[in-house]
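Some notes on the structure that comes next.
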Amino acid sequence: MSTDWLKAKLDHKRRPHVIWGVSLGVGGLLYLKVWLPLTKIGIPCIFHEITGLYCPGCGATRAATALLNLDFPQAFRYNSILFFLLPMYAVYYAAEKNRLRPLSKVMMTAMLVLTLAFGILRNIPEFAWLAPTVIRI
């Protein structure tokens, strides 16, 4: 009887998104802060391995690790699109949650166009600064 409140708060049938979100967050932190430093075995980009070109996601893992270390400039150099997509996704999510379909469609289209343009531009020599690199000090 005294733990009924605990069962209600942790009931996975009532709040499955919370359980999934926490599980993914803890798994991501363990991967970035424990697995990578210990093993130095990361997830290779198959697209880059096959073509030699950078996909829009190349550098995202290194950017996430830099963000965990509060190194914002280096995270931006690894994958700058994350700094634009995350706020755009927040607007998209809020629009979906509030059933603002026209706004959510515009945001999804903008995110897709931005991602495709970023993926193309970072492989053009004039835009080589978009490729994932390390800041030299």
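The values are calculated or read from the model by the stated rules, or taken from the named source; none is laboratory data. Model, not experiment: these values are computed from the prediction. Quick reminder, even Gly has a Cβ in these numbers, built from the backbone with ideal geometry, and neighbours come from all protein chains shown.
Of the residues G57, G42, only one is within 21 Å of M111 (Cα to Cα), in contact with a helix residue (DSSP H, G or I) (Cβ under 9 Å, 6 or more places away or on another chain), part of a loop (DSSP other than H, G, I, E, B) and not charged (D, E, K, R); which?
Being within 21 Å of M111 (Cα to Cα), in contact with a helix residue (DSSP H, G or I) (Cβ under 9 Å, 6 or more places away or on another chain), part of a loop (DSSP other than H, G, I, E, B) and not charged (D, E, K, R) holds for just one of G57, G42, which is G57.
Could you go through region 68-84 and let me know if any residue there is more than 16 Å from the chain's Cα centre (by Cα) and in a helix (DSSP H, G or I).
The answer is yes, given that some residue of region 68-84 is more than 16 Å from the chain's Cα centre (by Cα) and in a helix (DSSP H, G or I).
Find the residue count for region 85-116, including only residues that are outside any helix (DSSP H, G or I) and surrounded by 12 or more Cβ atoms within 10 Å (Cβ to Cβ).
Count: 1.
Taking region 35-81, which residues are closer than 23 Å to I120 by Cβ, surrounded by 13 or more Cβ atoms within 10 Å (Cβ to Cβ) and among the polar types (S, T, N, Q)?
Within region 35-81, T61, N79, S80 qualify.
Looking at (1) modelled with pLDDT of 90 or more; (2) farther than 22 Å from A117 by Cα, which is the only condition A63 fails?
Among (1) modelled with pLDDT of 90 or more; (2) farther than 22 Å from A117 by Cα, the lone unmet condition for A63 is (2).
Could you please give the count of residues in region 82-116 that are closer than 13 Å to P56 by Cα and in contact (Cβ under 8 Å) with a residue 24 or more places away in the chain? Write out each step before concluding.
As a first pass, look at region 82-116 and keep what is closer than 13 Å to P56 by Cα: 82-85, 111-116.
Next, from what is left, pick out any that are in contact (Cβ under 8 Å) with a residue 24 or more places away in the chain: 84-85, 111, 114-116.
Counting residues in region 82-116 that are closer than 13 Å to P56 by Cα and in contact (Cβ under 8 Å) with a residue 24 or more places away in the chain gives 6.
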